[in-house]
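Chemist: To start, I am sharing the structure in question, which I have written as structure tokens.
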Amino acid sequence: AQPPAPSLLPVRDLDMNSWSCSQHQKLWMRTELQDLGLWPGSRPVRIVGNAVSLWRLPPQPELIDTVADLPSPNFFQLHPFFIWKPESNIMIRLRNNYILPCLHGCHHPQVVSAGMGRPRVIVGTGGQYYIFSSRLCCKSCRRNWFADSPQWLQKLPSHFTNILPAFLTYKKAICKSVMDELRRTGKSPSDMANQVNELMHLKYERAHLAYLQAIESVWDAEAGIYGQKTIGQFVRKENAPRPFGSYEDVSGWCGISVSSFYLTDCLLEEYRRQEPAMSRLLQGSFGQIFRSDHTRKVARKVTLASGTMSSFAIMNENWLIVSWVMVQSEAERSLQPMYEGVARRYAEAEVEKAGYHWVDRDCCASFKIPDSIPGEHLLWDAWKTTPAIVNAATSGPLANTCASRSHYNPNIAIKLDLFHCLRRFSRECTSEHHPLYSSFCQLLSAAFSVVDQEDLKKLRDAYEFCGIRPANPTKQHLREHCRTKIPQPTELLDRVEKVINHFHLAKDPNDVPLFKPSMLKTWRIQRVHILRGCLSDPEISERIMYRYGGTLQLNHVPGEGAKVNIWIPVRGTSQQEGYHFHQAQWITGTHASTELFQAQGMTGVARWNYQLLVVLKRPDVVLPAVFDPALMAGSNSSYKRVTGQEKYPTLRVSDRDTGERFGLEYVEPGCRLGQTQDSEER
């Protein structure tokens, strides 16, 4: 056998004292690298087919035979490590004929190994491990760097960095499993840091317990508990076990901890990587019906020097988010760039624009309602609708000049959401605990909605078939299996006015009226919307107002008679109220920086759209079981190049950037902040 070739590298390059790990970890890593022929001066090793793993796992400590000595804690304190040497022959199949680039941009790079490299500790959900990176040198410029340099990794093709198990930064690194868990659960960086630290300490405690039990097993064998005594205690010189050491002991376990601040930085870095794919996915969302709404629930968690903000989102008929922006003013001019971007998106994709838009405000031309006179609400004549009132409400220009009509589709029909109309009535009641409050809300809701009699008959027949008597459908069954319609203005006004007439002087036994005096002005405002047809359903096909959701066997009773249809409404913005709640949960904590707010908000919007696609369960839609926009975009691109078609066509990103910006990146026209006009009077 030939002796190993002497190393020509400087002594400092072979010095392991600078490595940030325990001494036995250093020796074990050096042994593994020597066995693979990757240590400077070691013999090259030929492995058939290069079937080797870059992961090196420590030996199972319980299986190591220490002869007469007690088990050593060193074997229980070893951590796995990952070999990252792109220039070595072990990764030649990955390189193929690719020429590694120079960190400093040489035109003719010649990258070779310049030393043994260094280990770098990584925090993961399964415990800590190391990435052993080589030290590289470019023969052209004679400059050195380490292979784990983030700036150099950005120059490599994606199939190189995909095999790296961690995201590397200049100071620290975090395992991809931690970022996957953080993105999947939506936890705050603080909660995730506590979870990871607990998992790290859990692995330490288990290793310590395994070490103690290994010693107990040796002692039990020497005591003859298993039927035959061993003579190890008579051979070894020292019978006292070595201490395992603490979690932070640099000569032992050498444990580390992760802070919430560092996880926040990692989350922001991950968002920067995912942001292009998220934006393109959002730019690839379309719809034939829009529902939009403002909210300040989530906006309270971020504070800007420019003032208070509001969140504004547009949903389509399937409740997918089409656009989401943060605005400083709720005026229509603040939304002009957003609608211009949406219009450009539809035009470039050659998709028919949405024809209907349900809003929470600004549904028709502005009007002014004077305040009521004190005591006027006690007279029914003040509530009655006269021909003069009808003529004043329906004469003149009725259409407003909202941003969606002026900058998106001039022919779009603007409708007021019924939920917001009903909420404005309920706000003018004395109290939600008033004995008549529940009855008023039920009758008012029934006045606005007319149940389809054909659907109601089918549902009652199903009740009879299932043996449910009397056949009085529940509210939930009516909502799921019967379509409803909001009548035309004349009929709707008559139905609502009868309810108002019934309750306008109603009082409880303590002589407390149900209505506040301000209810009169609210009625006058909403009456204008009713007369102008802002609430009435458009005279179009039922398929626009409802989406067929299949059939259901009522009460799981078999038979054709128990089969009922499922109808999913697409009108209104009620679903966005639930979206507002979820949106507030995405932004963790009570206050967030602008960068963290944008990262968590955009990630939440992208996940919301993905989850809704999963819930829809369309037979022609193939979806992955994971949520990772950048990964899905890369899979679609590579799959199309290899097979000629995309793997997940539903998650196809937009072919071009439309220039739209979302969340806090949205730039609205300069506006004067202040109190906006009452939305009910617009």
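Chemist: Could you say whether any residue in the stretch 88-96 is surrounded by fewer than 22 Cβ atoms within 10 Å (Cβ to Cβ), free of Cβ contacts under 8 Å to residues at least 40 places away in the same chain and at negative phi?
Modeler: In the first step, residues of the stretch 88-96 are kept if they are surrounded by fewer than 22 Cβ atoms within 10 Å (Cβ to Cβ); the result is 88-96.
After this cut, where a residue has to be free of Cβ contacts under 8 Å to residues at least 40 places away in the same chain as well, the list is 91, 95-96.
Checking which are at negative phi leaves us with 91, 95.
Yes; the residues of the stretch 88-96 include at least one that is surrounded by fewer than 22 Cβ atoms within 10 Å (Cβ to Cβ), free of Cβ contacts under 8 Å to residues at least 40 places away in the same chain and at negative phi.
Chemist: Give the residues of the stretch 83-121 that are among the hydrophobic types (A, V, I, L, M, F, W, C), under 21 Å from residue 44 (Cα atoms) and not in a strand (DSSP E or B), sorted by residue number. Lay out the reasoning, then the answer.
Modeler: Here is the first cut: in the stretch 83-121, the ones among the hydrophobic types (A, V, I, L, M, F, W, C) are 83-84, 90-92, 94, 99-100, 102-103, 106, 111-112, 114, 116, 121.
If we keep only those that are under 21 Å from residue 44 (Cα atoms) too, we end up with 83-84, 90-92, 94, 111-112, 114, 116.
90, 91, 92, 94, 114, 116, listed by residue number.
Chemist: Name the residue that is farthest from residue 57 (Cα to Cα), counting only residues in the stretch 14-43 that are surrounded by fewer than 15 Cβ atoms within 10 Å (Cβ to Cβ) and of a type in the set (Ser, Thr, Tyr).
Modeler: By that ranking, first place goes to 18.
Chemist: Restricting attention to the stretch 192-203, does a residue exist that is closer than 30 Å to residue 592 by Cα and in a loop (DSSP other than H, G, I, E, B)? So that I can check it myself, show each step before the final result.
Modeler: So the first thing to find is which residues in the stretch 192-203 are closer than 30 Å to residue 592 by Cα, and the list is 192-201.
Filter once more, so that each one left must be in a loop (DSSP other than H, G, I, E, B): none.
No, the conditions are met nowhere in the stretch 192-203.
Chemist: If you scan the stretch 361-410, which residues turn out to be in contact (Cβ under 8 Å) with a residue 40 or more places away in the chain, within 29 Å of residue 345 (Cβ to Cβ) and in contact with a Ser or Thr (Cβ under 9 Å, 6 or more places away or on another chain)?
Modeler: 361, 362, 400, 403, 404
Chemist: Next up: Based on what the data block shows, is residue 272 among the basic types (Lys, Arg) and assigned to a helix (DSSP H, G or I)? Step through it out loud before you land on a result.
Modeler: On the way: among the basic types (Lys, Arg): yes; assigned to a helix (DSSP H, G or I): yes.
Yes.
Chemist: Please tell me if residue 268 is over 30 Å from residue 207 (Cα atoms) and not polar (S, T, N, Q). Please lay out each step first, then the result.
Modeler: Details: over 30 Å from residue 207 (Cα atoms): yes; not polar (S, T, N, Q): yes.
Yes, satisfied.
Chemist: In addition: Give the residues of the stretch 358-386 that are aromatic (Phe, Trp, Tyr) and either in a loop (DSSP other than H, G, I, E, B) or buried (at least 20 other Cβ atoms within 10 Å of the Cβ) (or both), sorted by residue number. Give the steps one after another, and end with the answer.
Modeler: Residues of the stretch 358-386 aromatic (Phe, Trp, Tyr): 358, 367, 380, 383.
Result: 358, 367, 383.
Chemist: Residue 248 versus (1) in a loop (DSSP other than H, G, I, E, B); (2) of a type outside the set (Val, Ile, Thr); (3) in contact (Cβ under 8 Å) with a residue 60 or more places away in the chain; (4) not assigned by TED's automatic domain parsing to the domain that holds residue 581: which is the lone unmet condition?
Modeler: Going through (1) in a loop (DSSP other than H, G, I, E, B); (2) of a type outside the set (Val, Ile, Thr); (3) in contact (Cβ under 8 Å) with a residue 60 or more places away in the chain; (4) not assigned by TED's automatic domain parsing to the domain that holds residue 581 one by one, residue 248 breaks only (3).
Chemist: Okay, next question. Against the condition in the same structural domain as residue 166 (by TED's automatic domain parsing) and either in contact with a strand residue (DSSP E or B) (Cβ under 8 Å, 6 or more places away or on another chain) or without any contact (Cβ under 8 Å) to a residue 60 or more places away in the chain (or both), how does residue 58 come out, does it pass? Talk me through it step by step, then tell me what you get.
Modeler: On the way: in the same structural domain as residue 166 (by TED's automatic domain parsing): yes; either in contact with a strand residue (DSSP E or B) (Cβ under 8 Å, 6 or more places away or on another chain) or without any contact (Cβ under 8 Å) to a residue 60 or more places away in the chain (or both): yes.
So residue 58 fits the description; yes.
Chemist: Filter the stretch 161-202 down to residues that are in contact (Cβ under 8 Å) with a residue 12 or more places away in the chain, within 25 Å of residue 132 (Cβ to Cβ) and among the polar types (S, T, N, Q), then give me how many there are.
Modeler: 3
Chemist: Does the stretch 335-357 include one or more residues that are within 30 Å of residue 530 (Cα to Cα), part of a strand (DSSP E or B) and touching a residue at least 40 places away in the same chain (Cβ under 8 Å)?
Modeler: yes
Chemist: Considering only residues of the stretch 453-466 that are surrounded by fewer than 16 Cβ atoms within 10 Å (Cβ to Cβ) and acidic (Asp, Glu), which is farthest from the chain's Cα centre (by Cα)?
Modeler: Ranking the candidates gives 464 first.
The values are calculated or read from the model by the stated rules, or taken from the named source; none is laboratory data. If you're wondering where the values come from, they're calculated on a predicted model, not measured in any experiment. Ideal geometry is used to build each Cβ from the backbone, glycine not excepted, and the neighbour counts take in all protein chains shown.
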